[in-house]
Amino acid sequence: MHMTHPALVLVGTPIGNLDDASPRMRAEIDTADVIAAEDTRRFMGLASRLGIAYSGTLVSLFDHNERSKAGEIAQQVENGARVVLLTDAGMPAVSDPGYHVVKEVVSRDLPVTAVPGPSAVFTAIALSGLPSDRFTFEGFVPRKAGERGRLLTDLANERRTMVFFESPHRIQTTLADFVTHFGADRPMTLSRELTKTYEETLRGTTQSIHEQVVARDGLKGELTLVVAGAPEVSATSAADLTKDVAQLVESGMRAKDAAAHIAKIHGLKSRDVYEEYIHAK
């Protein structure tokens with residue numbers, strides 16, 4: 001009955017275009033003893049559209065029940081089952097359910113393998129035209145303003161290209177925060193509906209893409225943002241940065257906070273930047 005041996009199998013699924021479904025994906029689903037799906041209805045729809053017959057037990061595994069189900073799934077593997085774990089789109093465990101199950105299975109020294117599939121992260125960064133030799137994936141931008149601000153402040157000096165996910169109803173706010181924390185001229189791309197009929201990638205800077213999205217009154221579809229890393233810091237002095245501080249102050253930020261933010265980006269002391277700003281007024 002088993003395709004091979006008992007194991008947890010992480011199966012990548014199409015992120016939009018059904019033609020990206022691999023033969024291995026089909027075979028693993030077809031022969032699995034258990035299929036743990038993020039959304040069982042969506043999985044059944046996918047299997048139907050692809051013409052995949054499956055006889056394995058179908059169980060639901062999503063963000064809010066993964067921790068409680070991890071032990072149960074690991075036990076099934078231990079008992080000899082081949083368990084396929086898949087999410088609505090893309091690779092499991094990458095900003096999607098799967099991590100806690102993998103951790104539990106590994107802790108029991110049981111086999112884990114994967115059937116690689118499409119990835120919005122790799123697709124977006126390949127399309128971006130931005131440096132891709134080193135990059136960091138940050139997942140979804142935090143919803144709460146305070147958490148988002150702290151994350152973006154921490155990333156302001158990140159030299160590697162950064163990849164983010166964002167939802168359509170928060171994209172304008174997030175792009176505005178990119179302008180504030182990364183600067184208006186930071187190169188970036190915004191990709192949506194990857195591999196689908198209306199796939200689109202906007203290219204420009206944090207400021208220009210924010211303006212495009214505002215002009216279009218938002219965007220639909222799943223969004224992947226790729227932002228260039230911070231440029232190499234030249235011998236910038238505190239005096240050179242007074243205009244940057246003034247810009248943030250005009251947008252409503254306290255002068256000391258603005259000076260601290262700009263100083264961190266350029267690796268300078270916030271007191272020096274603040275004093276130069278006060279002196280230049």
Dipole magnitude of the range 238-280 about its Cα centre, charges +1 at Lys/Arg Cβ and -1 at Asp/Glu Cβ only, in debye to the nearest 20?
160
What's the FRET efficiency of GLN75 with ALA53 using the Cβ-Cβ distance as r and R₀ = 41 Å, to the nearest 0.05?
0.95
Using only alpha-carbon positions, what ratio does the radius of gyration of the range 7-118 give when scaled by 2.2 N^0.38 Å?
0.95
Dipole-positive endmost among VAL227, LEU194, HIS261 within the chain (Cβ charges, Cα centre)
HIS261
Cα centroids of the range 44-79 and the range 85-118: how far apart, whole angstrom?
11
When all C-alpha to C-alpha distances in the range 238-280 are sorted into bins of 10 Å, what percent of pairs does each bin hold, rounded to whole numbers?
37, 60, 3
Net charge contributed by nearby residues that have their C-beta within less than 10 Å of ASP63 (K/R +1, D/E -1):
-2
Would you mind pulling out the separation of the Cα centroids of the range 190-265 and the range 8-36, in Å?
37
Within a Cβ distance under 11 Å of GLY51, other residues only, what is the Lys/Arg minus Asp/Glu net charge?
+1
Relative contact order %, the chain, counting alpha carbon pairs below 8 Å whose residues are six or more apart
16
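Let's see if you can work this out: charge +1 on each Lys and Arg Cβ, -1 on each Asp and Glu Cβ, no other charges. What is the dipole magnitude of the chain about its Cα centre, in debye to the nearest 20?
Using Cβ point charges on Lys, Arg, Asp and Glu, the chain gives about 320 debye.
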For the range 1-48, what does the equivalent ellipsoid look like in terms of its semi-axes, each the square root of 5 times an eigenvalue of the Cα gyration tensor, given largest first in whole Å?
19, 13, 9
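Given just the C-alpha atoms of the range 110-209, how large is their convex hull per residue in cubic angstrom?
146
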Indicate, rounded to the nearest 5 percent, the antiparallel portion of the DSSP beta bridges found entirely in the chain.
45
Once amide H atoms are built 1.01 Å from N in the peptide plane, which residues 5 or more positions from GLY90, or in another chain, come under 5 Å H to H?
THR13, ILE15
Gaussian network model of the chain, Cα within-10 Å springs - most flexible of HIS210, HIS169, HIS266
HIS169
Convex hull volume per residue for the range 127-281, taking Cα atoms only, in Å³:
110
Among LEU61, GLY51, VAL101, whose Cα sits farthest toward the positive end of the charge dipole of the range 7-118 (+1 at Cβ of Lys/Arg, -1 at Cβ of Asp/Glu, about the Cα centre)?
GLY51
Around THR113, what is the net charge, scoring Lys/Arg as +1 and Asp/Glu as -1 over all other residues with Cβ under 14 Å from its Cβ?
+1
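None of the figures in this text is laboratory data; all of them are computed from the coordinates on show. Predicted model, so just to flag it, every value in this text is computed and none were measured. Heads up, the Cβs are rebuilt from the backbone with ideal geometry, glycines too, and the neighbour counts pull from every protein chain shown.
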